[in-house]
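Undergrad: Have a look at this one.
The values are calculated or read from the model by the stated rules, or taken from the named source; none is laboratory data. Note that this is a predicted model, so its numbers are computed, not measured. Methodologically, a virtual Cβ is constructed for each residue, glycine included, from the backbone with ideal geometry; neighbour enumeration extends over all protein chains shown.
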Amino acid sequence: MAVLSTATIGLGMSSNAVAQNPIIIKFSHVVANDTPKGKAAERFKELAEKATKGRVKVEIYPNSTLYKDKEELEALQLGAVQMLAPSLAKFGPLGVKEFEVFDLPYIFQNRDVLHRVTEGPVGASLLSKLEPKGITGLAFWDNGFKVMSSNVPMRVPADLKGKKLRIQSSKVLDAQMRAMGANPQVMAFSEVYQALQTGVVDGTENPPSNLYTQKMHEVQKHVTVTNHGYLGYAVIVNKKFWDGLPADIRAQLNTAMKSATQYANAIAQLENDTALEAVKKSGKTTVYALTDKERAEWMKALVPVQREMEGRIGKELIQSVNKEAQALGFK
């Protein structure tokens, strides 16, 4: 079925004609179907098609089957796909550096602090900054807090000195790895397993669900539960496409997205806990939990990255996130 163009929609076609030619939303993402994002995308598809009584059809393309990391945002801006849920680190290279606040190490002490940001005025303000790029932000979806993996034991940051660690394209993540003396390597998510397997890189960071579903634990001997950073997603749509939808359909899709977001964030922690247990049970990777003293060493090495990045991300934005933490009794 052909995608119904914005121009055609704008001409006010009859509801009968729209029903016969449903509006296609191509939803592309780079992770597996059985990750929190993959499951949430399927839930949105189910809810959206039900809410619109078939006037909208959502086609999901997981695991980089349509576009890889570096290609998907351009594809959205060009209208080749209508919906994405890229990781938040993707927006810095797009020119919206404020999103790199999510990459800062140890800025979110727990999910409560995180959700005060993503579900409040700070989150809404960040999404609005995508509009000039031809993008409308609909929601934030959790994945989870990241663990470190490599082929050497990692008790303190110095254990990673000189190691080549894969990162997403992010100046913050680059600075984070350099703060530990490691050598950051930017690489598409779909290429990481092979790079770990062949020794092109020594390690990486991921929430457990990504680590497990991509089978990275099979080619990494050690995982340390640092919870040093957060990986989340922004669900976004092509602005021209979105603005061209009939108002009632847009409202129905917003309602579906709200429900899908609640589902996504509810399952994320469970999925990561389950994945970490599966990694342990595989017997292929040693999983290590930091002591309080060791965690303090990681924080000592990485928290200064927050101040280092003030000029890039914005001192006021970083302070506003830290104020949300203070409101919950942290710091």
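Undergrad: Can you spot a residue in region 247-266 that is β-branched (Val, Ile, Thr), surrounded by fewer than 18 Cβ atoms within 10 Å (Cβ to Cβ) and under 20 Å from the mean Cα position of the chain (by Cα)?
TA: no
Undergrad: Looking only at residues in region 68-82 that are over 14 Å from the mean Cα position of the chain (by Cα) and surrounded by 20 or more Cβ atoms within 10 Å (Cβ to Cβ), which one is farthest from Phe140 (Cα to Cα)?
TA: Val81
Undergrad: When you go through (1) surrounded by fewer than 21 Cβ atoms within 10 Å (Cβ to Cβ); (2) more than 22 Å from the chain's Cα centre (by Cα) one by one for Ala188, which number turns out not to apply?
TA: Going through (1) surrounded by fewer than 21 Cβ atoms within 10 Å (Cβ to Cβ); (2) more than 22 Å from the chain's Cα centre (by Cα) one by one, Ala188 breaks only (2).
Undergrad: Now, a different point. Return yes when Met299 is assigned to a helix (DSSP H, G or I), farther than 24 Å from Val172 by Cβ and touching a Phe, Trp or Tyr at 6+ places or on another chain (Cβ under 7 Å) and no when it is not.
TA: Judged against the criteria, Met299 is not a match.
Undergrad: Of the conditions (1) touching a residue at least 40 places away in the same chain (Cβ under 8 Å); (2) over 18 Å from Thr261 (Cβ atoms); (3) not in a helix (DSSP H, G or I), Gly144 satisfies every one except a single condition; which number is it?
TA: For Gly144, the failing item is (2).
Undergrad: Moving on to the next point. Is at least one residue of region 217-229 crowded, with 22+ Cβ neighbours inside 10 Å and assigned to a helix (DSSP H, G or I)?
TA: Yes; the residues of region 217-229 include at least one that is crowded, with 22+ Cβ neighbours inside 10 Å and assigned to a helix (DSSP H, G or I).
Undergrad: Only residues in region 117-128 that are outside any helix (DSSP H, G or I) count as the first member; pair them with residues that are surrounded by 14 or more Cβ atoms within 10 Å (Cβ to Cβ) and at pLDDT below 95, Cβ under 7 angstrom, at least 6 apart or cross-chain, and list the lot.
TA: Close Cβ pairs (under 7 Å, with a partner that is surrounded by 14 or more Cβ atoms within 10 Å (Cβ to Cβ) and at pLDDT below 95) do not exist here.
Undergrad: Within region 128-155, track down each residue that is outside the structural domain of Lys39 (by TED's automatic domain parsing) and surrounded by fewer than 17 Cβ atoms within 10 Å (Cβ to Cβ).
TA: Of everything in region 128-155, those that are outside the structural domain of Lys39 (by TED's automatic domain parsing) and surrounded by fewer than 17 Cβ atoms within 10 Å (Cβ to Cβ) turn out to be Asn151, Val152, Pro153, Arg155.
Undergrad: If you don't mind, another one. Identify the residue in region 105-116 that is part of a helix (DSSP H, G or I) and touching a Leu at 6+ places or on another chain (Cβ under 8 Å) and, among all such residues, is farthest from Gly95 (Cα to Cα).
TA: Per the criteria, the residue is Asp112.
Undergrad: Could you list all residues from region 52-67 that are over 24 Å from the mean Cα position of the chain (by Cα) and crowded, with 19+ Cβ neighbours inside 10 Å?
TA: Thr52, Arg55, Val56
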